[in-house]
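The values are calculated or read from the model by the stated rules, or taken from the named source; none is laboratory data. Source: prediction; values computed, not measured. So basically every Cβ, Gly included, is an ideal-geometry build from the backbone, and we count neighbours across all protein chains shown. All accessible areas refer to the heavy atoms of the entire protein, side chains included, with ligands and DNA or RNA removed. Shrake-Rupley method; radii C 1.70, N 1.55, O 1.52, S 1.80 Å.
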Amino acid sequence: MSIYNALYGRDGHGINPNEPEKKGFARFCQMVGRDLGQLLGTNLMVCILCLPAALGVSLGVTLFSLPLTVVCSAVTGLLVGPAMVLLADCALRSLQNDPSQWLPRAKQTLAAHWKAACGFGAVGTLALGLLCFISAFVFDAAARQGYYPGLAVLVFLALDFLVLAVFGTLCAAVLPLQPRTPDSLLRRAGRLLLTVPGRCVLAGVIMLAGIGGMILLFPVSVFWAVLFGFWLPGLAAMQTLFPVLRQEYGVQVRTIPRPAAPEKPLTAQEQKKRSRANWWYYNWGIVAVAAMVIVGVAYVAHGLLTTVDPDYTVAVVTAESLPDEAVQRLQTALADYAEDANGDGAVIVQVNNYTWSADAALTDMNGQMAGATQMNTDLANGESKIWILEDPEGFEQAYGALSEKLGADWQTKLMPWSDLPALSALELGSYNTAADGSQTVDVQSRFAGYSVAVFDFSDELWQALNS
């Protein structure tokens with residue numbers, strides 16, 4: 001007997017009227033195996049409806065425009081609200097064992113609640129956009145001063161996002177349900193929170209972890225978002241809230257009758273065939289999800305196992321990022337001077353191009369924040385021994401790394417790129433700055449005004465460049 005046969009214990013499609021209702025993970029597996037098609041369909045609809053909000057909020061935050069953030073958040077939120085209501089409604093109907101078709105059911109839900117859903121979505125997305133704008137503003141202001149927000153600021157922002165996630169989840173859950181007495185949406189959500197605060201907070205944490213994780217891992221998470229990103233945390237969150245929803249709103253769980261017994265006894269072969277068909281009926285969704293997860297894990301594991309560690313690491317800090325081909329040519333040119341330092345049979349020089357500038361107007365905010373984070377990690381771990389800097393004064397003012405590594409007279413220890421024969425003689429080619437190829441930039445000409453800071457003069461790559 002398989003684990004799923006033991007889990008369900010049925011010999012035919014349907015649910016035995018006398019069988020106890022499943023709980024916990026067994027119930028979750030039951031719903032995924034039975035309703036994966038409608039979960040995936042709803043997830044796709046949610047992705048499409050939430051895409052304008054993701055683009056609009058990102059645009060306002062990236063441009064540091066508060067009016068644009070407010071307008072884009074409020075307008076695109078008119079689609080986010082119905083999306084969240086559809087997600088919650090799909091999960092709740094799966095928990096109710098609703099056998100009706102999901103698409104006509106989704107249309108019915110939207111027709112009945114679209115006004116309230118649009119209002120709830122506009123307010124919620126506006127709050128989310130303002131939180132994102134405030135977070136970006138705080139991080140940018142701190143980066144200009146050369147430090148990052150303290151723990152108290154991070155905890156405050158995290159709690160704000162958690163409160164928004166909890167109330168957003170509760171509003172989406174109770175909106176499609178019929179209240180026993182007329183009341184406002186926010187009061188219904190607040191009453192639910194006061195009744196079972198633990199479950200409500202847990203449901204909000206699940207939604208925040210699922211959707212927040214997708215945002216943090218973008219664009220890597222795009223494939224995951226389309227297939228699992230919304231229904232997986234949504235179903236888990238609604239299952240967490242379902243017991244109290246049954247108590248407060250009288251939600252009923254339907255009993256799906258078993259099929260009629262066959263007129264004549266089944267042979268052993270027919271019984272095995274029916275058992276296999278029954279197992280597949282309930283578990284095909286679990287098999288599909290497991291297969292996708294296995295493929296994803298195998299892909300990540302293959303990348304980790306086949307990645308070759310670099311022998312040397314060089315940092316290049318520029319306001320405008322270098323094209324990938326220019327970075328690759330620099331890596332190849334430097335590798336000609338290097339030796340196999342780690343004994344793995346390959347000579348690899350890793351060039352990390354950090355997009356950062358003391359003048360934030362010269363670079364985009366996302367690149368600035370990513371570059372600052374990566375540089376902090378590099379400096380803390382001491383990965384790069386050679387730093388090629390476009391603006392060493394701004395770099396020192398923001399991070400203080402040059403005086404820390406080279407001493408108070410760090411200016412005298414900087415070396416202009418053009419004064420280093422080995423570097424200035426490298427064949428680095430050029431790259432196009434216009435689509436038709438009419439404008440090109442010579443990489444050596446761009447590096448001519450840069451400065452080189454060596455944090456460890458015993459570095460073998462540096463010794464080879466000066467031999």
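Points to keep in mind about this one:
- Label sites at Leu103 and Glu270, each approximated as a point 7 angstrom past Cα along Cα to Cβ, lie 3.6 nm apart.
- List His302, His113, ordered by accessible area with a 1.4 Å probe, largest first: His302, His113
- Largest to smallest accessible area among Thr62, Thr412, Thr373, Thr318 [probe 1.4 Å]: Thr412, Thr373, Thr62, Thr318
- Nearby lysines by direct alpha-carbon distance to Lys413 (threshold 22 angstrom, same-chain neighbours under 8 apart not counted): Lys385, Lys405
- Around the amide H of Leu428, modelled in the peptide plane, lie the amide H atoms of Gln444, all under 5 Å away and 5 or more residues distant in sequence or on another chain.
- Largest accessible area first, the listed residues Arg254, Arg105, Arg191, Arg274 line up as Arg254, Arg191, Arg274, Arg105 when surface is computed with a 1.4 Å probe on the assembled protein chains.
- Taking the protein heavy atoms of segment 372-419 in the context of the full set of protein chains, the accessible area attributed to carbon and sulfur is 45 percent at 1.4 Å.
- Ignoring lysines fewer than eight residues from Lys22 along the same chain, the ones with Cα atoms less than 27 angstrom from its Cα are Lys272, Lys273.
- From most to least packed by mean Cβ count within 10 Å, the peptides 80-93, 454-467, 163-176, 42-55 give 80-93, 163-176, 42-55, 454-467.
- The H on the amide N of Asn353, modeled in the peptide plane, is under 5 Å from the matching H of Val316, each at least 5 residues off or on a different chain.
- Sparse packing (at most 13 other Cβ atoms within 10 Å of the Cβ) combined with a DSSP loop state is found for the following GluC sites (Glu not before Pro) in segment 373-430: Glu427.
- Accessible surface of Lys115 - all protein chains present, 1.4 Å probe, nearest 10 Å²: 150
- Looking at segment 178-236, the accessible area is 59 square angstrom per residue; that uses a 1.4 Å probe and ignores ligands, DNA and RNA.
- Site pair Asp409 and Trp280 shows an inter-label distance of 8.1 nm when each label is modelled 7 Å from Cα along Cα→Cβ.
- For the listed peptides 234-240, 203-209, a ranking on the average number of other beta carbons within 10 Å per residue, highest first, reads 234-240, 203-209.
- Loop-located trypsin sites (Lys or Arg not before Pro) in segment 366-467 whose Cβ has at most 11 other Cβ within 10 Å (DSSP): none
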